[in-house]
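This report concerns only the one structure given below.
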Amino acid sequence: MDKWEYSIRISKLPSGVHHYDFQVTNSLKEKFESQLVNYFDVLVKVQLRKNVDFIEAVFKMTGKVGLSCDRCNRPYDFQIDTTHKVLYTFRPITNHNDDEIIFLEAQTDYLDLSQEFYDFICLSIPQRKVPADCPMEGCPDLFYNEQEEEIDPRWAKLLELKNKED
């Protein structure tokens with residue numbers, strides 16, 4: 001992955017609103033060595049509003065990522081459509097526990113957005129990854145249709161008694 005692929009040069013950026021488009025691909029997967037996602041195909045539209053003391057960024061993400069079903073491990077496409085907001089500030093803020101506020105050094109030249117892209121995409125993925133069109137019956141027999149095993153003759157008599165009572 002190119003070091004500057006998901007970066008914006010903010011040192012020369014004038015105050016005001018600026019728009020950027022990024023196509024997130026598998027280079028992001030390689031950078032973070034992600035095993036959660038099989039592939040990335042997400043368009044990220046970034047709106048930056050630069051001020052003297054801060055930069056407000058709004059990330060609009062649309063596209064799809066490749067996941068694997070938790071039940072049967074089949075690959076499927078998961079649609080992403082999410083918006084997140086981050087505030088980058090040049091002044092240190094004490095006692096803040098907000099993940100949406102990030103402190104930047106005053107001499108910061110480039111703003112690398114790859115971590116935010118990765119985090120926001122991962123936050124969009126459900127904990128339980130099962131596609132709507134993958135019902136339990138659709139999963140391989142290996143997992144849900146267990147083969148009947150031969151019953152131990154000692155237990156066969158007990159099963160006969162149990163079945164008679166039913």
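The values are calculated or read from the model by the stated rules, or taken from the named source; none is laboratory data. Every value quoted in this text rests on a predicted model; they were computed, and no experiment measured them. Note that we place each Cβ from the backbone using ideal geometry, even for glycine, and neighbour counts take in every protein chain shown.
For segment 94-108, does any single residue satisfy the condition of being touching a residue at least 40 places away in the same chain (Cβ under 8 Å), touching a helix residue (DSSP H, G or I) at 6+ places or on another chain (Cβ under 8 Å) and at negative phi?
No, the conditions are met nowhere in segment 94-108.
Taking helices (runs of 4 or more DSSP H) that fall entirely within segment 74-166, which contain at least 3 residues that are modelled with pLDDT of 85 or more? Give the steps one after another, and end with the answer.
Details: elements: 114-124, 141-144, 153-165.
Filter on segment 74-166 gives 114-124.
Among the residues of segment 46-78, how many are within 21 Å of C122 (Cβ to Cβ), loosely packed, with under 15 Cβ neighbours inside 10 Å and polar (S, T, N, Q)?
Residues meeting the conditions: 2.
As an exercise: evaluate K85 against (1) surrounded by 17 or more Cβ atoms within 10 Å (Cβ to Cβ); (2) in contact with a strand residue (DSSP E or B) (Cβ under 8 Å, 6 or more places away or on another chain) and give the number of the one condition it does not meet.
(1)
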